[in-house]
Amino acid sequence: EMNKRTSRLPPGPPGLPLLGNILQLPSQFLYRKLSAWSDRYGPIYTIWMGSQPYLVLGSAAVSADVLDRMSAVTSDRPPMIKPRVFFFKDMILMLQDRTLTWRAQRRSIHASLNIHAATRYNAMQAQEAAYLALGLLQHPEKPFRRQLHRFAASVIFRAVYGGDTIQLLEIDPTKRIEELTEEGMHAVMPQNSVVDIVPFLKPLIQRVKWFRKQADDWFGEMDQEAKRRYDKALPTDVNFLLNLCSKYGITKHQAMWMTMALFMAGQETSDTALCIFGLAMLHHPEAVSTAQRQLDAVCGDRPPTFEDREKLPFVDAIVKETLRWRPGVPLSLPHRASEEFEYRGYVIPAGTVILDNVWSQTRDPAVYKHPESFDPTRFLDDSGTLLPATADTHLDQLGFGHGRRVCAGRDFALNTLFIACAYMLWAFRFEWPVDEEGKEIVCGVDEFQDTSVTVSPREFGVVLKPRKEGLEETLLAAVKG
Ligand code: HEM
């Protein structure tokens, strides 16, 4: 299908005959290797997985050209046979091509999560942020990450299915979905899927019973879980998305999977971003104190609200910088060219997989000076007001991907992060735990773990000290609403 003679793909690292660059790719932190190659081969280059070309986009400008301006032909997903066909049976919108089903789902999600509609979730998000702070105050013995995880799960679960806050000390009803998600998502990255590197194996593998059985069992369980959750949800003010499905011609089976997809896409990503926020705050006390001065001036002894947001640009700048400094989804999700296209004199054949390396884009020194330093003031003018966004960066939010596939939950996620970070900064001082000799137990800024789609800091401890009189009562009142 691929005509190597007529295509003129941009050059990249030389590989081996037949295998291409496969053996040069690390099984973890692929984005780091791809970023190092960007330094050498430029912001657009090609790597080969066998006979399959992968175009790697390493600068914000190139990504805006290829994935935004040419989105009409660069917005499909790779075949990803193992996860997409074997596991998800093409029911999950993140991995679908731009079919009519995909379009209908994006439309209904947009109707409920666009920047205006997303404000309908604000009261719930603020209540959840208060409950997060309360949990951190009352249960310092529960790991920080565990509590962020509960928060992120509860916010997205309630937005999708309605219902009450997931309690910190009770059984987490989302646990099963998460276990299944982890198993399924592991298959997404090309290194984990032999079929996708050597597609001619597909028919053979499809006949291998045990392999199909694993995927079929997984699908069966996920399908049941999706149905159970969907049937339990009562359309309410909070999860009004459910009301929209029939309007957009989405069948029940599709709606079941769409709601599940939203949970999968929204939970771990938000939790990861908050964990990175924690790490950044521990390393940057000066950012913490600037934010706290602003919060104290605006809110005093009452907790922050969404109405305060205009007056809290430093908190928004911290959220932006957190997502830029260590993007939790460093390679976004892969796109695929649906048609041949030309760019900068190159000819990219249909079927080329496009890797959106947001990790290199967010540390492009032409766009962000001193990209390795965590500096929220880069987004603010001298008076502390948010600056207009940098061109070609999706409002300085490269971490949410590009083009027609750009994250469908971006504004919702930014609201979740804003209120959670505002609450934590308002309520607590951030300190490292200390060992018996009084020495701080620090987690370095690069001590990350790779969980295939997301990357996040390894587990670390944080001591949160209350900085307000009567904090517990204030938070209890905020939780009650
Ligand atoms: C900090 C939090 C989040 C980050 C960093 C993030 C990042 C991303 C990225 C990088 C993509 C791929 C974009 C592309 O292919 O170009 C994506 C897709 C998506 N995200 Fe998010 N996301 C976050 C939160 C959420 C939330 C809260 C939701 C739902 C409420 C959500 C729903 C989706 C969906 C449905 C897609 C698939 C879009 C498609 O394939 O058409 N995300 N996200």
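Each value in this text was obtained by applying a stated rule to the coordinates, not by laboratory testing. Predicted model only: the values in this text are computed from it and were never measured. All Cβ positions, even for glycine, are placed from backbone atoms using ideal geometry, and neighbour counts span all protein chains on display.
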Problem - Distance between modelled label sites at Val73 and Val85, nm, 7 Å Cα→Cβ extension - result: 2.5 nm
Handout entry: Full-extension gain in nm, Lys247 to Arg103, via 0.36 nm per residue minus C-alpha separation
Key = 50.5 nm
Completion exercise
Heads up, segment 383-478 by the C-alpha gyration tensor (a ≥ b ≥ c square roots of eigenvalues; a/c under 1.5 rounded, else a/b over b/c prolate, else oblate) looks oblate
Practice task
Treat each spin label as a single point 7 Å out from the Cα along the C-beta direction, and report the Ala366 to Ile441 distance in nm.
Solution key: 4.5 nm
Fill in the blank from the handout: The relative contact order of segment 1-140, taking Cα pairs under 8 Å that sit 6 or more residues apart, comes to a percentage of 14 percent
Exercise for the section: Report the charge-dipole magnitude of the chain in Debye, nearest 20, computed about the Cα centre from +1 at each Lys and Arg Cβ and -1 at each Asp and Glu Cβ. Expected result: 1760 debye
Exercise for the section: Quote the FRET efficiency, to the nearest 0.05, computed for Asp39 versus His116 with a Förster distance R0 of 41 Å and r equal to the Cβ-Cβ distance. Expected result: 0.50
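Starting from the eigenvalues of the Cα gyration tensor, five times each then square-rooted, give me the equivalent ellipsoid semi-axes of the chain, largest first, whole Å. It would help to have the intermediate numbers written out before the result.
Numbers: eigenvalues 274, 148, 90 Å².
One finds semi-axes of 37, 27, 21 Å for the chain.
Give a quick list of GluC sites (Glu not before Pro) in segment 384-481 that DSSP marks as loop, anything other than H, G, I, E or B, with at most 12 other Cβ atoms within 10 Å. Write down the numbers at each step before the final one.
Numbers: sites: Glu431, Glu436, Glu437, Glu440, Glu447, Glu459, Glu469, Glu472, Glu473; in loops: Glu436, Glu437, Glu447, Glu459, Glu469.
In loop regions of segment 384-481 (DSSP not H, G, I, E or B), the sparsely surrounded GluC sites (Glu not before Pro) are Glu436, Glu437, Glu447, Glu469.
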Completion exercise
Listing Val347, Val56, Val329, Val298 by rising number of other beta-carbon atoms within 10 angstrom, fewest first, gives Val347, Val298, Val329, Val56
Completion exercise
Taking 0.36 nm per residue of separation between Asp164 and Thr451 and subtracting their Cα-Cα distance, the length gained on full extension comes to 100.4 nm
Practice task
Sort Glu141, Glu340 so that the residue with the fewest other Cβ atoms within 10 Å of its own Cβ comes first and the one with the most comes last.
Solution key: Glu141, Glu340
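By how many nm would the segment from Glu431 to Arg8 grow when fully extended, if each residue of separation counts as 0.36 nm and the alpha-carbon distance is taken off?
Numbers: separation 423, 0.36 × 423 = 152.28 nm, distance 5.37 nm.
Using 0.36 nm per residue and subtracting the Cα-Cα distance, I get 146.9 nm.
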Practice task
Please work out the Cα center distance from segment 376-434 to segment 11-85, rounded to the nearest Å.
Solution key: 27 Å
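With Cβ to Cβ distances under 13 Å as the rule, what net charge do the other residues near Thr74 carry (K, R +1; D, E -1)? Please report the intermediate quantities before stating the final value.
Working: positive: Arg69, Arg77, Arg98, Arg336, Arg404, Arg405; negative: Asp65, Asp68, Asp76, Asp97, Glu339, Glu340, Glu342, Asp356.
It works out to a net charge of -2.
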Problem - Nearest 10 degrees, 0 to 90: helix 100-113 Cα axis against the chain principal axis - result: 10 degrees
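When only C-alpha pairs under 8 Å and at least 6 residues apart count, what is the relative contact order of the chain, in percent? Intermediate values should be presented prior to the final figure.
Working: 742 pairs, mean separation 120.0, N = 481.
Averaging sequence separation for qualifying contacts and normalising by length gives 25 percent for the chain.
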Fill in the blank from the handout: Of the listed pairs Lys89/Lys227; Lys369/Lys439; Lys175/Lys247; Lys320/Lys439; Lys439/Lys468; Lys82/Lys175, those with alpha carbons more than 22 Å apart are Lys369/Lys439; Lys175/Lys247; Lys320/Lys439; Lys439/Lys468; Lys82/Lys175
Problem - segment 298-354: chymotrypsin sites (Phe, Trp or Tyr not before Pro) falling in loop per DSSP and having at most 12 other Cβ within 10 Å - result: none
